[in-house]
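The values are calculated or read from the model by the stated rules, or taken from the named source; none is laboratory data. This one's a predicted model, so the numbers in the text were calculated from it and none came from an experiment. Positions of Cβ are generated from backbone atoms using ideal geometry, with glycine treated the same way; all protein chains shown enter the neighbour counts. Quick note on the areas: whole protein, heavy atoms, side chains included, nothing else; ligands and nucleic acids left out. Shrake-Rupley method; radii C 1.70, N 1.55, O 1.52, S 1.80 Å.
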Amino acid sequence: MEFEHDTEIDRVLGQRLKAARQRQGLTLDALAERSGVSRAMISRVERGESSPTAALLVRLGSGLGLSLSALLEEDAGSGPLARLKTQPVWRDPASGYLRRNVSPRGTGSGFEIVEVELPAGAEVRLDNATGAPVLDQQIWVLRGRLDLTVEGIRHELAEGDCLQMHLRGPIVYRNPGDAPVRYAVILAAKSGAFPGHIA
């Protein structure tokens, strides 16, 4: 299934990944070894020549010790109020998964809220992000149904249901319905500054 994609986002994401890699003094080969993503693919993503999927970004972020939110947003803070029109939005080119970073950035808060819409029948599989920050998160279904498999345990969530979990292993988000499912992800950092999140 293919979705319309903004190539400008690919270019910006590539620049952010390259800058993060260089800040850490990592070569392409070193990041490839850490993330399990080929050197050639990392190079294409950094040049904006490839539309990275959510799964690929999570692997690269894990190799850099960064979350998906940290990769998708500018580093600068937005103050205590994040207006809807300024909240960063990103669509996974493979699944159509649409995520919006709702929370204001740069406030020092230990919490973050992300809104996600997953199309009917869509599925997003994320590998174990061992290098990413350890986060406590809750998934709250706002509309529709969501099947969530966390470390091999499947949870069927209906509208209004909320599941608490930690990101320690593979996770699969699947929409079993015939309409989009909309859910909120509420995250709290386990320790230190809050760098973002995975889902």
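Of note:
- Members of segment 143-157 that are modelled with pLDDT of 95 or more and either over 19 Å from the mean Cα position of the chain (by Cα) or open to solvent by 80 Å² or more (accessible area, probe 1.4 Å) (or both): ARG143, GLY144, ARG145, ARG154, HIS155, GLU156, LEU157
- Selection status of GLY160, out of contact with any strand residue (DSSP E or B) (no Cβ under 6 Å at 6 or more places or on another chain), at pLDDT 95 or above, open to solvent by 40 Å² or more (accessible area, probe 1.4 Å) and on the phi > 0 side of the Ramachandran plot: yes
- Test: residue in segment 176-189 that is surrounded by 13 or more Cβ atoms within 10 Å (Cβ to Cβ) and modelled with pLDDT under 75: yes
- Residue in segment 54-91 that is modelled with the highest pLDDT, counting only those that are under 28 Å from SER38 (Cβ atoms) and of a type in the set (S, T, N, Q): SER62
- Pair list, Cβ under 8 Å, 6 or more apart: segment 32-60 residue over 20 Å from ALA70 (Cα atoms), other residue open to solvent by 50 Å² or more (accessible area, probe 1.4 Å): ARG39/ASP29
- Flag if ARG99 is within 30 Å of ALA32 (Cα to Cα), basic (Lys, Arg), open to solvent by less than 10 Å² (accessible area, probe 1.4 Å) and assigned to a strand (DSSP E or B): yes
- Taken over segment 92-131, the criterion of being among the aromatic types (Phe, Trp, Tyr) and modelled with pLDDT under 90 is satisfied by PHE111 alone.
- All positions within segment 30-64 that are in contact with an Asp or Glu (Cβ under 7 Å, 6 or more places away or on another chain) and more than 24 Å from ARG99 (Cβ to Cβ): ARG39
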